[in-house]
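The values are calculated or read from the model by the stated rules, or taken from the named source; none is laboratory data. These numbers come from a predicted model, not from an experiment. Note that we place each Cβ from the backbone using ideal geometry, even for glycine, and neighbour counts take in every protein chain shown. Note: accessible area is taken over every heavy atom of the protein model, side chains too, but ligands, DNA and RNA are not part of it. Shrake-Rupley method; radii C 1.70, N 1.55, O 1.52, S 1.80 Å.
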Amino acid sequence: MGEEATRKRKDDHLDLCATGDVEPAGNSTLLEYVRLVHCAMPEMAVEEVDLSTEFLGKKVRYPLLVTGMTGGTERAGVVNRDLALLAERHGLAFGVGSQRAMAENPALTETYAVRHVAPTVPLVGNIGLFQAVALGVDGVRKLADAIGADGMALHLNAGQELTQPEGDRDFRGGYQVVEGLVRTFGSRLLVKETGCGIGPEVARRLVDLGVQNLDVSGLGGTSWVRVEQLRAQGVQAQVGAEFSSWGIPTAAAIASVRRAVGPKPRLVASGGLRTGLEAAKVIALGADLAGMALPLFRAQQEGGLQGAERALEVILSGLRQAFVLTGSRNALELRRKPRVIMGQLKDWLEAL
């Protein structure tokens with residue numbers, strides 16, 4: 001794919017995510033089937049809630065990752081800088097979108113460069129699995145170094161690629177690529193899906209290869225299959241419509257993966273999270289961090305940095321409130337509290 005085509009695709013993605021129908025109505029995270037149990041007498045103050053955690057060797061004040069979404073155009077650069085500044089102010093982790101565009105044209109590095117506004121955040125670079133094949137381990141390391149990243153996300157997006165007119169069609173050799181990147185990045189590597197979810201079998205195999213950080217990125221939010229379907233024509237558009245609800249719902253992915261890999265790997269749950277209460281639910285199910293992008297991006301597009309700031313404050317307030325109303329001072333206490341799993345989510349967890 002040429003550099004100009006990549007840049008146009010990036011701006012197309014931003015347009016669609018800002019205003020388009022990228023969240024199919026039938027898709028669900030299944031978090032509505034999780035109920036945290038109310039504690040009528042919490043015996044604690046809001047100030048006692050400690051939401052801090054570690055990610056990529058750094059401490060964050062809140063267990064939130066602004067997940068990688070964009071880069072490669074001037075507009076994308078503004079989004080990255082605004083949301084990275086937000087992460088810096090509030091003590092969150094931050095990820096850039098796919099660095100494929102800057103790999104094709106290093107002059108676009110500045111659209112991913114956020115260290116000058118976010119010097120202390122855990123910063124995650126980003127490249128697709130099969131772009132990593134072409135770049136090689138050294139090429140991927142250079143992408144991380146170029147933006148001062150603390151870690152590198154390797155994203156898996158077979159569903160998106162198959163719907164994308166210019167997408168990849170050969171998905172062989174992926175585990176071998178992961179093995180090489182683990183040797184280079186070690187605990188700084190994050191393997192993530194892009195909205196179709198990671199299931200327990202794949203998660204176990206990745207952890208066996210040495211992967212220490214996983215983002216399950218499940219079904220329920222932005223469908224990148226739907227995004228590409230809206231860009232496609234003909235057969236790909238028709239098949240994309242059929243598969244825009246394909247994937248493992250976020251709640252099912254995080255609960256089943258945590259059960260499969262045990263307590264040690266760091267898990268991020270993203271994919272359709274929109275509120276602080278939903279973030280609390282995925283933490284209760286086993287996530288170390290909750291990942292979000294679209295609600296902050298849309299707030300930024302509508303109201304700039306101030307709009308994103310207001311949206312984040314609502315999310316953080318809801319997260320703190322969920323902890324107080326379950327009588328939980330930290331994530332460990334929340335995971336030990338009772339919760340109710342119902343309906344479709346219960347069915348998924350029995351199947352997985």
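Remarks
- Qualifying position, being within 17 Å of Arg320 (Cα to Cα), at pLDDT 95 or above and in contact with a strand residue (DSSP E or B) (Cβ under 6 Å, 6 or more places away or on another chain), among Leu65, Leu30, Leu51: Leu65
- If the condition is being touching a residue at least 24 places away in the same chain (Cβ under 8 Å) and either open to solvent by 20 Å² or more (accessible area, probe 1.4 Å) or in a loop (DSSP other than H, G, I, E, B) (or both), then region 163-180 contributes Gln164, Pro165, Glu166, Gly167, Asp168, Asp170, Phe171, Gly173, Tyr175, Val177, Glu179.
- Yes/no for Arg188 being open to solvent by 70 Å² or more (accessible area, probe 1.4 Å), free of Cβ contacts under 8 Å to residues at least 24 places away in the same chain and of a type in the set (Lys, Arg): no
- Screening Gly167 on (1) of a type in the set (Gly, Ala, Ser); (2) in contact with a Phe, Trp or Tyr (Cβ under 8 Å, 6 or more places away or on another chain); (3) over 21 Å from Pro122 (Cα atoms) shows it passes everything except condition (2).
- Filter result for Arg335 (within 27 Å of Arg204 (Cβ to Cβ), at pLDDT 95 or above and open to solvent by 80 Å² or more (accessible area, probe 1.4 Å)): no
Residue-wise test of (1) closer than 24 Å to Pro265 by Cα; (2) of a type in the set (Asp, Glu); (3) in contact with a Gly (Cβ under 6 Å, 6 or more places away or on another chain).
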site	(1), (2), (3)
Arg115	no, no, yes
Gly125	yes, no, no
Gly148	yes, no, no
Leu156	yes, no, no
Glu166	no, yes, no
Asp170	no, yes, no
Gly174	yes, no, no
Gly186	yes, no, no
Pro200	yes, no, no
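- For beta carbons closer than 7 Å, sequence separation of 6+ or different chains, a first residue in region 223-237 that is at positive phi and a second that is assigned to a loop (DSSP other than H, G, I, E, B) and open to solvent by 50 Å² or more (accessible area, probe 1.4 Å), there are no qualifying pairs.
- For Gly139, the test of being surrounded by fewer than 24 Cβ atoms within 10 Å (Cβ to Cβ), modelled with pLDDT of 95 or more and part of a loop (DSSP other than H, G, I, E, B) is failed.
- Scan of region 163-205 for residues that are among the hydrophobic types (A, V, I, L, M, F, W, C) and over 20 Å from the mean Cα position of the chain (by Cα), ordered by number: Phe171, Val177
- Verdict on Gln344 being modelled with pLDDT of 95 or more, under 18 Å from Gly272 (Cβ atoms), open to solvent by 70 Å² or more (accessible area, probe 1.4 Å) and not in a loop (DSSP other than H, G, I, E, B): yes
- Test: Val202 is within 21 Å of Leu65 (Cβ to Cβ) and part of a helix (DSSP H, G or I): yes
- Residue in region 142-162 that is most open to solvent (accessible area, probe 1.4 Å), counting only those that are under 20 Å from the mean Cα position of the chain (by Cα) and among the charged types (D, E, K, R): Asp150
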